[in-house]
Structure formats: structure tokens, C-alpha cells
Amino acid sequence: MHVVIDSLGFLLGGLLVTLELTALGFVGAMLLGTVLAVFRVSPVPPLRVAGAVYVEVLRNMPLLSLLVLVVFGLPDVGVTFSLFTSAAVCLAGFGAAFVCEAIRGGINAVPVGQAEAARALGFTFTQSLRHVILPPAFRTMVQPLVNIFIGIALGSSLAAAVGVSELTNRTQLLNLQSAEAVVLFLVSGAMYLAIALLGGTVGGALERRLTRRAR
């Protein structure tokens, strides 16, 4: 355990980078995923096709492959980002495909009569989504979105493979120096578990609050 104690500040620095990647990745995934979900339920066929293609491609591509393509492929065409930025963009783009499906599922769970009533009242497609469909749909999205948050948090560990100095990367470096893999990875695993449990707790509280307000 002395290795962990002596290197705790180093590990906590990696945890901070992991939290930053998770936050940026999830926020980016929410923003892009919402746009994609609107595309997928849009009455405009080209938008529906574009949304469907993006979702099918990204959902069926390993995150590690996407990281390698962005980090090592984009510089070949003259586009260069920092390793951290590249990892955050990949997490956001990858997570957006799953957020899109979670939001679309929530929208489809809303009774069709509500959308028809909105159209009868003269609401535009955007107004119907904002004022009639999305508020009740959000209650059914909470748990899927929590799962996506946890997936992004755990997926951020793959950024170690492309050189981002996050928690897993720093754990690997310490292991190379001390050969204490079991202890080090137990500690870093506990940190990832804490992130996941915190996300689940916040999501559960939000879901209960929304349920109470709907009654």
C-alpha cells in the first residue's frame, strides 16, 4: 500500500483528468445526441437518413478504433488536436449515438395523441417537441442516460491507449515502476466504481423527483 500512499497525488491528478473527460464527453454527447434524435424523428427524409447512418456507424464501431482514427488519422489530413481534446471529442461523438437512441425511445413512448393534439393546436414540429413531447419523455430517459454516463466514464479509460494522462494511464505508469499491479488497479478500479455509483445515485434521485412531480 505504500506505493498507493506515496503516489496518491499522482493518481488523484489522473482521476481529475478522467472526470474532465467524462464531463466533457457526456455534455457533448447530450448536445449532439439531442440534435441527432430530432433528425431521426424529423418529417424531413434526408435528416432521418443522416441521423440513422450516424447512429448505425458509431454504435457498431469500437471506441478504441475511433480513438486511434482520430488521434493518428486526422494529423495525416492536416487536422491536429491535443490528445485530451481528441479523446473528449471521441467520447462525445461515440456517446451521442446512444444518447440519440435513448431520447428517440423516450419520444416514442409518449402517446401519439399528444403529438396530434399539439398539431391540432397549431404547434410547429419544434414547438411540439419542446412543450408537449420532451417533458414527459424525459422521465423515461433518465436511467438510459445514466447508463450512458457510466459507459462514457468507463470508456474514458481507453484514452490511456493513445497517451492521455488519465487515471488508467497513470496507474499503468506506476505499475511499470513498482510492479504492484493488483493493488494499483484495485485502487483505480475503486475510483471508477465511485464515479459510477455517484452517477447512479444522482440519476435515481432525479428520476424519483420527476416521478413525484408528474403525479
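Each value in this text was obtained by applying a stated rule to the coordinates, not by laboratory testing. Please read these numbers as outputs of a predicted model, since none were measured by experiment. Neighbour counts are summed over all protein chains in view; Cβ atoms, including those assigned to glycine, are modelled from backbone coordinates with ideal geometry.
Taking θ as phi - 60° and the Karplus parameters 6.51, -1.76 and 1.60, the scalar couplings of segment 173-183 work out to 5, 5, 5, 5, 7, 10, 6, 10, 4, 4, 5 Hz in sequence order, x denoting glycine and proline. Nearest 0.05, what FRET efficiency do THR80 and ALA50 give at R0 = 25 Å with Cβ-Cβ as r? Efficiency computed from Cβ-Cβ geometry: 0.40. Taking R0 as 25 Å, what's the FRET efficiency between LEU12 and VAL68 from their Cβ-Cβ distance, rounded to 0.05? Efficiency for this residue pair is about 0.35.
Working out 0.36 nm times the residue gap between GLU20 and ARG212, then minus their Cα-Cα distance, what length gain in nm do you get to one decimal? Let's see the in-between values first.
On the way: separation 192, 0.36 × 192 = 69.12 nm, distance 3.19 nm.
In short, 65.9 nm is gained.
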